[in-house]
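Novice: Take a look at this one; I'll ask things after.
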Amino acid sequence: LAAPSALLSATSALARRGVLLQRLDALETLTQVQRVYFDKTGTVTDATLQYTGLQRLDGQPAGPADATSLDRAAALAGWSQHPLSQALVAAGGAGDATAADPWRDVQEVPGQGLQALDAQGRCWRLGRAAFVQPGLVAAAVEGDGRAATWWGADGQASHRFDFDEALRPDALATVAALRQHGLQVVLLSGDQPARAARMGRRLGVDTVIGGATPESKLAEVAAAQAQGLKVAMVGDGINDAPVLARADASFAMGQGALVTRAQADAVVASNRLGDLVLAHGLARRARGRQRPGLAYP
């Protein structure tokens, strides 16, 4: 009786803290984890980003007419739950952007951005630099390394929208605590590598992998598992859903996309990263309580 009682006790304690387990044996797996991968935007950083301005990519100063570009991009951004998109919606004052915008055939490409057709049939894109304009290198137009999203039509980027991001209040303490528990901590981000590296230095993680697509995130986790490592993944966006499903143990932030929460072993409804440390500690204590009972003759 000790084994199920220990698991149920730990599960109840986590639920009271706002960590909802969707797979009970995830606690046992968590005790075996050797490496933890964290997504960046919306996971270790606050889900709310602050819009700081736009840059024209033709080198000309921004003017009043560029406000129209902001509003149109914000209307398209309303079709996505990505933190950058939601910050752009707020900046453009688009409100319910899906209700009366001019966009049709809207598609969200995981890890890349949004695309849609306007009334004239032109294809507009909002997202990563190379997605908006194939061949465009983000670092060449990035400026000071802030979070950014690009905008343009027919394969030509015209604007970059900039944002400031802040670490979650408990991000530094969470990374430090996990490392003290003997776990490797890796920042696995779709952001431009230089920006991801700067965030990694702030966090004090062991390794930073930037410029990651959903496919390369999946490949990274699979490669670690092939080396015999047990890994956990923490994410929030729809581009994290495949890698969450692949990881040995996975956590989705409570404000994350529905498909992401559905693929995770646990949902951190509290949105407190520190509760991951609590989950790891409770899992180890629950396992400690199980062992004497299992060893009893």
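The values are calculated or read from the model by the stated rules, or taken from the named source; none is laboratory data. The structure displayed is predicted, hence computed values, not measured ones. A quick note on method: Cβ atoms are made from the backbone with ideal geometry, for glycine too, and the neighbour counts reach across all protein chains shown. Please note that ligands, DNA and RNA were not included when accessible areas were found on the heavy atoms of the full protein model with its side chains. Shrake-Rupley method; radii C 1.70, N 1.55, O 1.52, S 1.80 Å.
Novice: Rounded to the nearest 500, what is the 222 nm mean residue ellipticity of the chain from helices alone, with -39500 (n - 2.57) per DSSP H run of 4+ residues and division by all residues?
Specialist: For the chain, the value works out to -11500 deg cm²/dmol.
Novice: Which entry in (1) 35; (2) 51; (3) 40 matches percent of Cα pairs over 30 Å apart derived from the coordinates of this structure?
Specialist: (1)
Novice: Something else about it: Which one, 90, 175, 127, is farthest towards the positive end of the dipole of the chain when Lys and Arg carry +1 and Asp and Glu -1 on their Cβ?
Specialist: The Cα lying farthest towards the positive end belongs to 175.
Novice: On to the next question. Determine the dipole magnitude for the chain: charges of +1 sit on the beta-carbon of Lys and Arg, -1 on that of Asp and Glu, nothing else is charged, the reference point is the Cα centre, and the result goes in debye to the nearest 20.
Specialist: Charge dipole, the chain, about its Cα centre: 1260 debye, nearest 20.
Novice: Another question, if that's okay. Could you calculate the contour length gain from residue 223 to residue 154, that is, 0.36 nm times the residue separation minus the distance between their Cα atoms, to one decimal place in nm?
Specialist: In short, 21.2 nm is gained.
Novice: Obtain the nm distance between the two label points defined at residue 146 and residue 198 by a simple spin-label model: each point lies 7 Å from its Cα along the Cα-to-C-beta direction.
Specialist: Modelled inter-label distance: 1.1 nm.
Novice: Relative contact order for the chain using alpha-carbon pairs under 8 Å, separation at least 6, rounded to a whole percent?
Specialist: Rounded, it is 25 percent for the chain.
Novice: How would you rank 76-88, 241-253, highest first, on the average number of other Cβ atoms within 10 Å across their residues?
Specialist: Result, highest mean Cβ count within 10 Å first: 241-253, 76-88.
Novice: When the convex hull of the C-alpha atoms of region 165-275 is computed, what volume per residue in Å³ does it have?
Specialist: For region 165-275, the hull spanned by Cα atoms encloses 98 Å³ per residue.
Novice: Turning to a different aspect of this structure: Going by alpha carbons, how many degrees (0 to 90, nearest 10) lie between the helix axis of 214-226 and the longest principal axis of the chain?
Specialist: Taking Cα atoms only, the helix is inclined about 20 degrees.
Novice: Using Cα atoms only, what is the angle between the long axis of helix 66-77 and the major principal axis of the chain, expressed in degrees (0 to 90) to the nearest 10?
Specialist: 40
Novice: Kindly state, to the nearest 0.05, the FRET efficiency for residue 16 paired with residue 60, given R0 = 51 Å and r defined as their beta-carbon distance.
Specialist: Step by step, r from the Cβ atoms, then E = 0.35.
Novice: Here's a follow-up. To the nearest 0.05, how large is the calculated FRET efficiency for residue 259 and residue 105 if R₀ is 30 Å and r is the Cβ-Cβ distance?
Specialist: For residue 259 and residue 105, the calculated efficiency is 0.90.
Novice: Taking only protein heavy atoms into account and a 1.4 Å probe, give the accessible area per residue of the chain in Å².
Specialist: Using a 1.4 Å probe on heavy atoms only, each residue of the chain averages 44 Å².
Novice: Continuing with the same structure: Calculate what fraction, in whole %, of the accessible area of the chain sits on carbon and sulfur atoms when a 1.4 Å probe is rolled over the protein chains.
Specialist: About 53 percent, which is the carbon plus sulfur part of the accessible surface.
Novice: Calculate the length of the line joining the C-alpha centroid of region 158-237 to that of region 30-67, in whole Å.
Specialist: 14
Novice: Still on this model: Run the simple label-point estimate for residue 90 and residue 31 please: 7 Å along Cα→C-beta, distance reported in nm.
Specialist: Distance between the two pseudo-spin positions: 4.2 nm.
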